[in-house]
1. Out of (1) buried (at least 19 other Cβ atoms within 10 Å of the Cβ); (2) more than 15 Å from the ligand (Cβ to nearest atom), the odd one out for Asp236 is which?
2. List pairs: first residue in segment 23-47 and over 20 Å from His70 (Cα atoms), second residue of a type in the set (D, E, K, R) anywhere in the structure, Cβ distance under 7 angstrom, at least six positions apart or on different chains.
3. Could you pull out every one of the strands (runs of 3 or more DSSP E) wholly within segment 1-49 that has 1 or more residues that are of a type in the set (Gly, Ala, Ser) and surrounded by fewer than 22 Cβ atoms within 10 Å (Cβ to Cβ)?
4. For segment 324-347: of the residues being surrounded by fewer than 19 Cβ atoms within 10 Å (Cβ to Cβ) and farther than 22 Å from Ile84 by Cβ, which is modelled with the lowest pLDDT?
5. Just a yes or no: is a residue in segment 116-129 within 21 Å of the chain's Cα centre (by Cα), touching a residue at least 12 places away in the same chain (Cβ under 8 Å) and within 16 Å of the ligand (Cβ to nearest atom)?
6. I'd like the residue in segment 62-100 that is hydroxyl-bearing (Ser, Thr, Tyr) and within 15 Å of the ligand (Cβ to nearest atom) and, out of all such residues, is nearest to the chain's Cα centre (by Cα).
7. Please enumerate the residues belonging to segment 254-312 that are of a type in the set (D, E, K, R) and away from the ligand (no atom under 11 Å from the Cβ).
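The values are calculated or read from the model by the stated rules, or taken from the named source; none is laboratory data. Keep in mind that what you see is a predicted model, and the values were worked out from it rather than measured. Virtual Cβ from ideal backbone geometry, glycine too; neighbours counted across all protein chains shown.
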Amino acid sequence: MKASITKTQFGVLQDGRPVELYTISNAKGAVLKVTNYGTIITELHVPDRAGRLGDVVLGFDNLAQYLAGHPYFGCTIGRVANRIGGAKFTLDGKTYTLAANDGPNHLHGGLKGFDKVLWQAEPQQNGSIKFTYTSPDGEEGYPGTLNVTVVMTWTDQNELVLEYTATTDKPTPVNLTNHSYFNLAGEGDILGHVLMLSASHYTPADATLIPTGEIRPVAGTPLDFTTPTPIGARFDQLDTNPRGYDHNFVINRAGKGLALAARVFEPKTGRVMEVFTTEPGVQLYTGNFLNGTLKGKRGVVYAQHTGFCLETQHFPDAVNKPTFPSIILRPGQTYQQTTVYRFSVRV
Ligand code: BGC
């Protein structure tokens, strides 16, 4: 089989701009679909242990449903992923106020983050698509014009490679991620997926999910996934409401570069997903807020815990936590983050 990229129209925005959908088939016949609206990954078909392809991400069949609102299915998140406490931060002596779109806090870039903008798409020679977006100075309250690039590659080894870069003309915080919800069985809940997280520590948070600033060991807590454990096995030991995980883990790493963050195994289908990243953290979110009101592809109702996210990132509220790795990008510097989701099977 020969790898190919095809482009179709996915719909039009309210202002009349057309939205594209790209289908990338790799040499193994596995298929990734991505739209330039929000760079949303709408479908990802990978083989099970019998070689049958199945769609392992949550999403919708059409643009209208994405425009009607959804909890960040498949998109790029920016300018700053996850939460900023009190929806403000001070940078070089100046305080910036952002939209409080999650109780008192700012979440996932604000009211119209990078998930809700139209990106320019340029298919490349090697099964990649290069997406670019210029975020204007002051957009969603953030300082500086930010030129952002996301290169998505769907390799013949069933690896989804996401390479992000950004440059700015004023100092600004930047923390980009992808918010795909995975379900390696393609249906049902994800409680029986067996998860290994290469993380001996996590960042404890308050009731509104803002980190306290501490870094604590996972040992002896239901957050210890250093030994592979079914995702749902210890939900009853968590004090979260709604039930499930929504935590930032500190990835064990020896140095810079790609490190293994997670491995997920789905016993019924044999599908395995490994996550490698250059980032210091990963948010495990188990679809706690899904409540059955959204109907996705193939008419499937997205009930609670029918998908999980592994969002590779710098730590939440890093912009207000001097002890966390900095997310400030300055003119002349280039932001870079790479994350690889690798799919395989275990027999
Ligand atoms: C957050 C959750 C939030 C979800 C939105 C996750 O990254 O950690 O708290 O509800 O995104 O869908």
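1. That leaves (1) as the condition not met.
2. Between residues of segment 23-47 that are over 20 Å from His70 (Cα atoms) and residues that are of a type in the set (D, E, K, R), the close pairs are Thr23/Lys33; Asn26/Asp156; Ala27/Lys2; Ala27/Asp156; Lys28/Asp156; Val31/Glu43; His45/Asp55; Val46/Arg271.
3. Working: elements: 4-12, 18-25, 31-35, 41-47.
Counting at least 1 such residues, we get 4-12, 18-25.
4. If we filter segment 324-347 for residues that are surrounded by fewer than 19 Cβ atoms within 10 Å (Cβ to Cβ), which is where we start, we get 325-326, 328, 330-334, 336, 338, 342, 344-347.
Still in the list and also farther than 22 Å from Ile84 by Cβ: 332, 334, 338, 342, 344-347.
On the way: Gly332: 98, Thr334: 99, Thr338: 98, Arg342: 98, Ser344: 98, Val345: 98, Arg346: 97, Val347: 88.
Looking at the filtered set, the residue picked out is Val347.
5. Yes; the residues of segment 116-129 include at least one that is within 21 Å of the chain's Cα centre (by Cα), touching a residue at least 12 places away in the same chain (Cβ under 8 Å) and within 16 Å of the ligand (Cβ to nearest atom).
6. Taking segment 62-100 first, the residues hydroxyl-bearing (Ser, Thr, Tyr) are 66, 72, 76, 90, 95-97.
Add one more test, that the residue is within 15 Å of the ligand (Cβ to nearest atom), and what stays is 66, 72, 76.
Numbers: Tyr66: 16, Tyr72: 8, Thr76: 7 Å.
My answer is Thr76.
7. Lys256, Arg263, Glu266, Lys268, Arg271, Glu274, Glu279, Lys295, Lys297, Arg298
Every residue, every condition in (1) buried (at least 24 other Cβ atoms within 10 Å of the Cβ); (2) under 18 Å from the mean Cα position of the chain (by Cα), yes or no:
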position	(1), (2)
Thr153	no, yes
Thr167	no, no
Lys170	no, no
Gly188	no, no
Leu197	yes, yes
Thr208	no, no
